[in-house]
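Structure in C-alpha cells, see below.
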Amino acid sequence: MRGVFVDANESLAVIMERLEKPGDPKVRINRNPDITPEQYPEVLDGAEIAIVDHTALPTEVAKKCPGLKHVVFLGTGARSYMNPEELAELGISVHLIKGYGDTAVAESAIALMWASARVIAMMDREMRAGNWLREDGMQLTGKTLGLIGFGGIAAEVARIASGSGMKVIAWNRSPKSHASVEFTDLDSVLARSDVVSLHLLLNDETRGMITREKIFAMKRGVILINTARAAVVDEAAMIDALKSGHIRHAGLDVFNIEPLPGDHPLTKLPNVTLSAHSAFRTPEASENLIEAALVHCRRIVKG
C-alpha cells in the first residue's frame, strides 16, 4: 500500500523524512504546496493513501483517482476542503488529526485578543505611514472572555486567560466542566462577554451559527476572535458590526476565501487584525501533526 503527501511545503516535508521509521508504508512526498485539485490523479498515480494539507479534493476529482481509499487530512477542518460523506460513498475514508496544535492555536487566539485590545496592528500601520497614532486600548484584566465551543484549544485559551486575570465563561453543545470556567447558555455568553472567541468545528450544525442576530446580541464594543472556521460566522453581518462599532475590533485567522484577496472588504477596515490562517503553525505543532499522520498511515496498512 502506497501513500503520497500531495501538497507538502518544505518544512513539513523535512519533518516527515525525519520521522519516518523502517518498515513504515512507502510515502512519496510531493514538494509542491501549490498543486491544483485537478492534479490529484497525476500526483497520486494510483496510490491508496493521500496525505492532504490544504488542497481541496472535490468529489468529482476523487472519482478520477483509481486506487484511492484513504485521505489523511492534516487537521480537523476537512469539511472546508472536501465532502467526507460523498467520499465515503466512493469507498474513501477521511481521517482527521485532533489536538496536535491546541497550544499553538490557543496562543495565537490570545495574541490576536491582546493585539485587538491594544490596536497594535493599527498603530504599527499608521506609524509606518508617518502618523503618530496614539490610541486608547482596552485593559483586559478583570474583563470577561466568552468561549463558544470548548475543546482542547478552548481549554488552553481558558488556562492562559485565567492566568492573566480574566473571568472566563463558556458555552458548549455538550456538558463540560473545567477549573476556573463558568459554563452557561449561549445567550448569556453573548450578552456578558467583553471578548468572544470562537472554537467550533465546521459542520452542518455550526455553519452560519453566529448569525446577524447573535452578533448584535453581543455587547456593543465587543472584541471578536476567530481562529476556528470563517464559515461559522455571517461575514456580511460581522463587517456591518465592525463598521458601526458594535464590534470594537476583530482578530481573524480564518476566511471564507483563502488566500484572502487584497481587495476584500476586511482588508479595508482599520479595526480588524488579520493573520494568514497560521494559528497552528509552530515547529512543535508541525512535529505533532506529521507524527500523527504517520501513525494513521501505519494503522491503515495494518488494517
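Relative to the first principal axis of the alpha-carbon coordinates of the chain, what is the inclination of helix 283-302, with its axis defined by its Cα atoms, in degrees from 0 to 90 and to the nearest 10?
It works out to around 40 degrees.
What residue among Thr227, Gly142, Asn288 has its Cα farthest toward the positive end of the dipole of the chain, where the charges are +1 on Lys, Arg and -1 on Asp, Glu, each on the Cβ?
About the Cα centre, the residue reaching furthest to the positive side is Gly142.
If you put +1 on each Lys and Arg Cβ and -1 on each Asp and Glu Cβ, how big is the dipole of segment 5-54 around its Cα centre, in Debye rounded to 20? Could you put the intermediate results ahead of the total?
Values: 5 positive and 11 negative charges, 54 e Å.
Dipole magnitude for segment 5-54 comes out near 260 debye.
Angle check, please: helix 235-244 long axis (alpha carbons) against the longest principal axis of the chain (alpha carbons), in degrees 0 to 90, nearest 10.
Between the helix axis and the principal axis of the chain, the angle is about 20 degrees.
Using helices alone, what [θ] at 222 nm do you get for the chain, with -39,500 (n - 2.57) per DSSP H run of 4 or more residues, divided over all residues and rounded to the nearest 500? Write out the running numbers ahead of the final one.
On the way: 11 runs with 103 residues, N = 303.
Mean residue ellipticity at 222 nm (helix-derived): -9500 deg cm²/dmol.
Roughly what angle does helix 102-117 make with the longest principal axis of the chain, taking Cα atoms, 0 to 90 degrees, to the nearest 10?
30
Return, for the Cα atoms of the chain, the radius of gyration and Dmax in Å, separated by a comma.
Computed over the Cα atoms of the chain, radius of gyration and Dmax are 20.7, 63 Å.
Further question on the same structure: Beta carbons within 10 angstrom, averaged per residue: use that to sort the peptides 49-55, 286-292, highest first. Intermediate results must be reported in sequence, preceding the final value.
Values: 49-55: 22.3, 286-292: 19.9.
Highest to lowest by the protection proxy: 49-55, 286-292.
What is the spin-label model distance, in nm, from Leu19 to Arg173 if the labels are put 7 Å beyond Cα along the C-beta direction?
2.7
Using only Cα positions of segment 86-178, each an equal point scatterer, no hydration layer, compute I(q)/I(0) via Debye at q = 0.19, 0.23 Å⁻¹ and quote the log10 values to two decimals.
Computed log10 I(q)/I(0) values: -0.93, -1.13.
Express in nm, to one decimal, how much length is gained between Thr211 and Thr59 on full extension, taking 0.36 nm for each residue of separation and deducting their alpha carbon distance. Walk me through the intermediate numbers first.
Details: separation 152, 0.36 × 152 = 54.72 nm, distance 2.90 nm.
Answer, rounded to one decimal: 51.8 nm.
FRET efficiency for Lys98 and Gln139, Cβ-Cβ distance as r, R0 = 35 Å, nearest 0.05? Before the final figure, lay out the partial values.
Working: r = 35 Å, r/R0 = 0.99.
Plugging the Cβ-Cβ distance into 1/(1 + (r/R0)^6) gives 0.50.
Identify which of His249, His264, His178 has the largest mean-square fluctuation in a Gaussian network model of the chain, with springs joining Cα atoms closer than 10 Å.
Looking only at His249, His264, His178, the biggest GNM fluctuation is shown by His264.
Here is a further query. Given Cβ point charges of +1 (Lys, Arg) and -1 (Asp, Glu) and nothing else, what value in debye, to the nearest 20, does the dipole of segment 96-156 about its Cα centre take? List each step's numbers first, then the result.
Details: 6 positive and 7 negative charges, 16 e Å.
For this selection, approximately 80 debye.
Which whole-number percent is the relative contact order of segment 1-149 (Cα, under 8 Å, 6+ apart)?
RCO, segment 1-149: 17 percent.
Could you give the dipole magnitude of the chain about its Cα centre, charging the beta-carbon of Lys and Arg +1 and that of Asp and Glu -1, in debye to the nearest 20? Let's see the in-between values first.
Working: 34 positive and 38 negative charges, 124 e Å.
Value, rounded to 20: 600 debye.
Which order, highest average first, do 270-278, 169-177 follow once you tally other Cβ atoms within 10 Å for each residue and take the mean per peptide?
Details: 270-278: 16.6, 169-177: 13.9.
Ranking, from highest mean packing down: 270-278, 169-177.
Per residue of segment 81-97, what does 6.51 cos²θ - 1.76 cosθ + 1.60 with θ = phi - 60° give for ³J(HN,Hα)? Whole Hz please, x for Gly and Pro, Karplus curve as stated.
My calculation for segment 81-97 gives 10, 6, 10, x, 5, 5, 5, 4, 5, 8, x, 10, 8, 9, 10, 9, 10 Hz in order.
Given a 1.4 angstrom probe, I'd like the percentage of the accessible area of the chain that is carbon and sulfur, rounded to a whole number.
Values: 7310 of 14220 Å².
Roughly 51 percent of what the probe reaches on the chain is carbon or sulfur.
Sorted by mean Cβ packing within 10 Å, highest first, what order do the peptides 154-161, 56-63 take?
Working: 154-161: 22.4, 56-63: 16.1.
Taking the mean over residues of other Cβ atoms within 10 Å, the ranking is 154-161, 56-63.
Right, here's the next one. What span do the alpha-carbon atoms of segment 195-284 cover on each of the three principal axes, reported in whole Å from largest to smallest?
38, 30, 22
Here's something else I'd like to know. Taking H placed 1.01 Å from N in the peptide plane, check which residues at least 5 places from Phe183 or on another chain put their amide H under 5 Å from its amide H.
When sequence neighbours closer than 5 places are left aside, the close amide H contacts are Ala170.
Need the list of lysines near Lys219 for cross-linking: C-alpha distance under 21 angstrom, and skip anything on the same chain fewer than eight residues off.
Lys143, Lys167, Lys243
The values are calculated or read from the model by the stated rules, or taken from the named source; none is laboratory data. Computed from a prediction, not measured in an experiment: that's the story for all the values here. Heads up, the Cβs are rebuilt from the backbone with ideal geometry, glycines too, and the neighbour counts pull from every protein chain shown. These area figures cover heavy atoms from the full protein model, side chains too; ligands, DNA and RNA do not enter into them. Shrake-Rupley method; radii C 1.70, N 1.55, O 1.52, S 1.80 Å.
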